[in-house]
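Notes follow the structure.
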Amino acid sequence: MIDSFIRALKKSPGSNGVFNPWWEMDPENDFNKSAPVIRRNQLKQYFLERIGTAKFLLIGEAIGYQGGHFTGIPMTSEQILLGHKKDKGILPEFIFSGIEPKRTSKPAIKPNGFSEPTGTIVWGSVADFNIDPKSVLIWNAFPWHTYTPEKGFLSNRTPTGNELNDGIHVLIKLKEIFKGINIISVGNNAKKMLQKMDTDALPVRHPAYGGASKFRERFYTIMKEKMAKLKVPSTAL
């Protein structure tokens with residue numbers, strides 16, 4: 001089922017300014033041609049360790065160049081996988097532990113790997129609130145990376161309405177794998193797409209552009225309420 005899902009990701013929009021981390025190589029920044037395979041394997045392991053344990057699905061907007069572009073996992077940076085965010089309470093095994101985590105960007109670009117602010121805030125909140133990280137699954141309304149062609153792969157842009165529509169079939173497949181999961185929309189674009197799909201979701205503020213405190217406050221409130229109903233143990237909530 002997961003293999004089928006990952007194969008479905010191969011059909012990314014052919015429009016300019018869309019990068020497919022799992023099936024394409026970044027010719028400027030990937031360390032070698034094995035990078036897409038590494039990202040597929042890491043995404044698969046991330047999913048495998050959440051089958052039967054994931055209770056909360058956070059839906060963001062799109063892959064970012066500092067996160068999933070090089071790790072294959074939404075809102076997750078190379079620095080998280082390489083253990084460089086332990087000072088924030090974020091451990092590599094939060095994401096997966098069954099295989100050795102790897103970077104795919106050239107070390108010369110960022111010696112310690114890329115760091116994504118949004119990913120650090122989200123996974124940091126999971127750590128701070130003492131939530132089982134394997135109960136949390138993060139994905140995006142538009143699953144691929146949208147960038148500005150003039151600026152290159154190391155840039156981000158908001159997906160267009162048509163591009164967001166192109167990602168719906170992937171989101172439907174994800175919901176089929178994780179049936180009955182509680183969904184949280186992170187930001188307006190995710191909220192709009194889930195509404196278009198007639199999917200119930202609890203909205204939270206996107207942590208970017210000064211929204212970190214509002215994200216944490218709302219996320220904490222939602223998780224406290226939901227985890228109490230699900231009788232999920234947590235010493236922090």
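The values are calculated or read from the model by the stated rules, or taken from the named source; none is laboratory data. This structure is a prediction, so every number in the text was calculated from the model and none was measured. Note that we place each Cβ from the backbone using ideal geometry, even for glycine, and neighbour counts take in every protein chain shown.
Overview of values
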read-out: Matching residues, region 111-129, being buried (at least 18 other Cβ atoms within 10 Å of the Cβ) and over 19 Å from L58 (Cα atoms); value: G113, F114
read-out: Among residues of region 193-206, those that are closer than 26 Å to R7 by Cα and either of a type outside the set (S, T, N, Q) or modelled with pLDDT of 95 or more (or both), counted; value: 5
read-out: Elements of type strands (runs of 3 or more DSSP E) contained in region 120-217, each with 1 or more residues being under 30 Å from S105 (Cα atoms) and in contact with a strand residue (DSSP E or B) (Cβ under 8 Å, 6 or more places away or on another chain); value: 136-146, 182-186
read-out: Residue satisfying all of: in region 70-113; in contact with a Gly (Cβ under 8 Å, 6 or more places away or on another chain) and assigned to a helix (DSSP H, G or I); nearest to F31 (Cα to Cα) among these; value: F70
read-out: Qualifying residue in region 94-107 (condition: free of Cβ contacts under 8 Å to residues at least 60 places away in the same chain, under 18 Å from I38 (Cβ atoms) and aliphatic (A, V, I, L, M)); value: yes
read-out: Selection within region 167-225 - in contact (Cβ under 8 Å) with a residue 40 or more places away in the chain, of a type in the set (D, E, K, R) and touching a Pro at 6+ places or on another chain (Cβ under 9 Å); value: R216
read-out: Flag for G152 being loosely packed, with under 15 Cβ neighbours inside 10 Å and either touching a Leu at 6+ places or on another chain (Cβ under 8 Å) or at positive phi (or both); value: yes
read-out: Condition check for G113: more than 15 Å from the chain's Cα centre (by Cα), at positive phi, at pLDDT below 95 and not acidic (D, E); value: no
read-out: Filtered residues of region 108-160 (kept if basic (K, R) and free of Cβ contacts under 8 Å to residues at least 60 places away in the same chain); value: K110, K151
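This table checks each residue for (1) part of a loop (DSSP other than H, G, I, E, B); (2) surrounded by fewer than 18 Cβ atoms within 10 Å (Cβ to Cβ); (3) modelled with pLDDT of 95 or more.
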position	(1), (2), (3)
G14	yes, yes, no
G52	yes, yes, no
I59	no, no, yes
Q66	yes, no, yes
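Every residue, every condition in (1) of a type in the set (A, V, I, L, M); (2) at pLDDT below 90, yes or no:
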| site | (1), (2) |
| --- | --- |
| G187 | no, no |
| A208 | yes, yes |
| G211 | no, no |
| F215 | no, no |
| M227 | yes, yes |
| L230 | yes, yes |
| P233 | no, yes |
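So that you can scan it fast, the table gives a plain yes or no per residue for (1) more than 24 Å from E49 (Cβ to Cβ); (2) touching a Phe, Trp or Tyr at 6+ places or on another chain (Cβ under 7 Å); (3) crowded, with 20+ Cβ neighbours inside 10 Å:
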{"position": "R157", "(1), (2), (3)": "yes, yes, no"}
{"position": "H169", "(1), (2), (3)": "yes, no, no"}
{"position": "K173", "(1), (2), (3)": "no, yes, no"}
{"position": "S185", "(1), (2), (3)": "no, no, yes"}
{"position": "A201", "(1), (2), (3)": "no, no, no"}
{"position": "K214", "(1), (2), (3)": "yes, no, no"}
{"position": "R218", "(1), (2), (3)": "yes, no, no"}
{"position": "T221", "(1), (2), (3)": "yes, no, no"}
{"position": "E225", "(1), (2), (3)": "yes, no, no"}
